[in-house]
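Enquirer: One structure coming up, written as structure tokens, with questions to follow.
The values are calculated or read from the model by the stated rules, or taken from the named source; none is laboratory data. Note that this is a predicted model, so its numbers are computed, not measured. When we count neighbours, we look across all protein chains shown, and the Cβ atoms used for this are built from the backbone with ideal geometry, even at glycine.
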Amino acid sequence: MMNVHIGLNVKNLGESKEFYRRFLSITPAKEKDGYVKFLTTEPNLNLTLTQVDEVQGNIINHLGVQVNSKEEVLMHKERLEKEGFFAREEMNTNCCYAIQDKFWVTDPDGNEWEYFYTKQDLNTEDSTVCCVN
């Protein structure tokens, strides 16, 4: 098995822990002073949060979870809206050289996450709408 690992610096560990607990629908696998780790199996992800004094700039363009159907996109959108998140929806959009159905939520430090389904690959993209943060 292979896991993707993402390590994020966060300003407020408690606030970020609560965001990701709700976003991923799981409790942390490990908690230490200034550190929280989440392990998921769907998708295989090792996400760590490390508290720092200041988070500057947006060096990450965005993060995402690719699913297998529009129905899965809508299921996760509904789940996260029930958790109180604002989900910005983009259906049938030309982004990242593909036609996609997706939605976005933003974590407490401004990192945008998308759930997306790729319907069709393309040779061009609409750079005015693609992955705009």
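Enquirer: Any residue in segment 72-83 that is not assigned by TED's automatic domain parsing to the domain that holds Arg22 sitting within a Cβ distance under 7 Å of a residue that is in a helix (DSSP H, G or I)? List the pairs, counting only those 6 or more apart or interchain.
Expert: Cβ pairs passing all conditions: Leu80/Phe23; Glu83/Arg22.
Enquirer: Please specify each residue of segment 101-115 satisfying the condition of being of a type in the set (S, T, N, Q) and at pLDDT 90 or above. So that I can check it myself, show each step before the final result.
Expert: The initial filter retains those residues of segment 101-115 that are of a type in the set (S, T, N, Q), namely 106, 111.
Hit for segment 101-115 is Thr106, nothing else.
Enquirer: Follow-up. Looking at Val67, Val55, which one is under 22 Å from Lys119 (Cα atoms) and either surrounded by 16 or more Cβ atoms within 10 Å (Cβ to Cβ) or in the same structural domain as Glu112 (by TED's automatic domain parsing) (or both)?
Expert: So the residue among Val67, Val55 that is under 22 Å from Lys119 (Cα atoms) and either surrounded by 16 or more Cβ atoms within 10 Å (Cβ to Cβ) or in the same structural domain as Glu112 (by TED's automatic domain parsing) (or both) is Val67.
Enquirer: Step by step: first the residues of segment 87-96, then only those that are exposed (fewer than 15 other Cβ atoms within 10 Å of the Cβ) and within 13 Å of Tyr115 (Cα to Cα), then the one that is farthest from the chain's Cα centre (by Cα). Which residue is that? Don't jump to the end; show me each part of the working.
Expert: Pass one, segment 87-96, residues exposed (fewer than 15 other Cβ atoms within 10 Å of the Cβ): 88-89, 91-92.
If we keep only those that are within 13 Å of Tyr115 (Cα to Cα) too, we end up with 88-89, 91.
On the way: Arg88: 12, Glu89: 14, Met91: 17 Å.
Only one residue fits best here, namely Met91.
Enquirer: Considering only segment 36-84, how many residues are part of a helix (DSSP H, G or I) and within 29 Å of Gln120 (Cα to Cα)?
Expert: So the answer is 12.
Enquirer: I've got another one for you. Identify the single condition in (1) of a type in the set (D, E, K, R); (2) within 22 Å of Lys11 (Cβ to Cβ); (3) loosely packed, with under 13 Cβ neighbours inside 10 Å; (4) not assigned by TED's automatic domain parsing to the domain that holds Asn3 that Asp107 does not satisfy, given that it satisfies every other one.
Expert: Here Asp107 meets the rest and fails (3).
Enquirer: Next question. Of the numbered conditions (1) part of a loop (DSSP other than H, G, I, E, B); (2) not assigned by TED's automatic domain parsing to the domain that holds Tyr115, Arg21 fails exactly one; give the number of that condition.
Expert: (1)
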